[in-house]
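Here is the structure we will look at, set down as structure tokens.
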Amino acid sequence: IRGWFRSDSNWSHGPLIPLFCFYLLFVRRDEIFSASRKVCLWGLPVLMLGGSLQMFAYWVKNPLSAQISMLILSFGLVLYLAGPQLAKLTWLPIFFMLFAFPVPDIYYTRIALPLQRLAASGSSILLTLFGVDVFAVASKLDVTSVTGQHYPLVVAEACSGMRLLMAFPALAVATAYLESRPLWHRVVMVVLSIPIAIACNILRVTITGVMYAID
């Protein structure tokens, strides 16, 4: 929760995720209320897994593992107390909370840096196709405008596309859950959300480069 309200705007969406999880439960309320309930012993191994992960997270001081363990414990509790039918209806709203958890800085940097370089190289290719004189090194671009002016552009961490990479899969998963479509339609929708998010970020950087090129 602390990460939702820190200065990093990448996690400002966090408080909205629990509300959307409640909405996912609300749209399936008739099925949830009519589902049969019975104690299911298969929930005990899930609870043990969640408890073990919680202890591991405490031992190694890993907040992400602790957050994931809470979701596993929640799902295991539903499975144990209410049975598999209700667990089948509620598993996605429970694990959808993953999109609200801030990624630890050590993992965030490892993901953002390759995305920065990918955005720079991808936009360099597109700018070249548009006839723009551009030179790319790592996450830096050197754009030459039509007047011969050189503009050094840096694809910073904020432009890595991490926000899109969090938003697009979240929307795709929610849509796949709510839409009554064949399973393969839903899988393709979720899988394609990642390359689409990356492509949109490359296009965003490309448009920025074009604006400097025509200056």
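Data table
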{"read-out": "Label-point separation in nm, Gln149 to Tyr58, each point 7 Å along Cα→Cβ", "value": "6.0"}
{"read-out": "Alpha-carbon spread of the stretch 118-202, three principal axes, descending order, Å", "value": "55, 24, 18"}
{"read-out": "Using alpha-carbon coordinates, inclination of helix 16-27 to the longest axis of the chain, degrees", "value": "50"}
{"read-out": "Helix 84-95 vs. the chain, principal-axis angle (Cα, 0 to 90°, nearest 10)", "value": "30"}
{"read-out": "Shape metrics for the stretch 48-123, restricted to C-alpha atoms - Rg then Dmax, Å", "value": "16.6, 52"}
{"read-out": "Those trypsin sites (Lys or Arg not before Pro) in the stretch 46-116 that DSSP places in a loop and that have at most 10 other beta carbons within 10 Å", "value": "Lys61"}
{"read-out": "Amide H contacts under 5 Å for Gly83, placed H, 5+ residues apart", "value": "Lys38, Cys40"}
{"read-out": "Cα-based helix-to-principal-axis angle, 105-129 vs the chain, degrees rounded to 10", "value": "40"}
{"read-out": "FRET E, pair Lys140, Ile194, Förster distance 25 Å, beta-carbon r, rounded to 0.05", "value": "0.50"}
{"read-out": "Loop-located chymotrypsin sites (Phe, Trp or Tyr not before Pro) in the stretch 82-147, at most 14 other Cβ atoms within 10 Å (DSSP)", "value": "Phe130"}
{"read-out": "Estimated [θ] at 222 nm from DSSP helical runs (n ≥ 4, -39500 (n - 2.57)) normalised by residues in the chain, nearest 500", "value": "-22000 deg cm²/dmol"}
{"read-out": "Heavy-atom accessible area order for Ile32, Ile106, largest first, 1.4 Å probe", "value": "Ile106, Ile32"}
{"read-out": "Estimated inter-spin distance, Trp91 and Asp133, nm [label 7 Å along Cα→Cβ]", "value": "5.8"}
{"read-out": "For the chain, the spread of Cα positions along each principal axis, largest first, Å", "value": "74, 43, 26"}
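The values are calculated or read from the model by the stated rules, or taken from the named source; none is laboratory data. Since the model is a prediction, treat every value here as computed from it, not as a measurement. When we count neighbours, we look across all protein chains shown, and the Cβ atoms used for this are built from the backbone with ideal geometry, even at glycine. All accessible areas refer to the heavy atoms of the entire protein, side chains included, with ligands and DNA or RNA removed. Shrake-Rupley method; radii C 1.70, N 1.55, O 1.52, S 1.80 Å.
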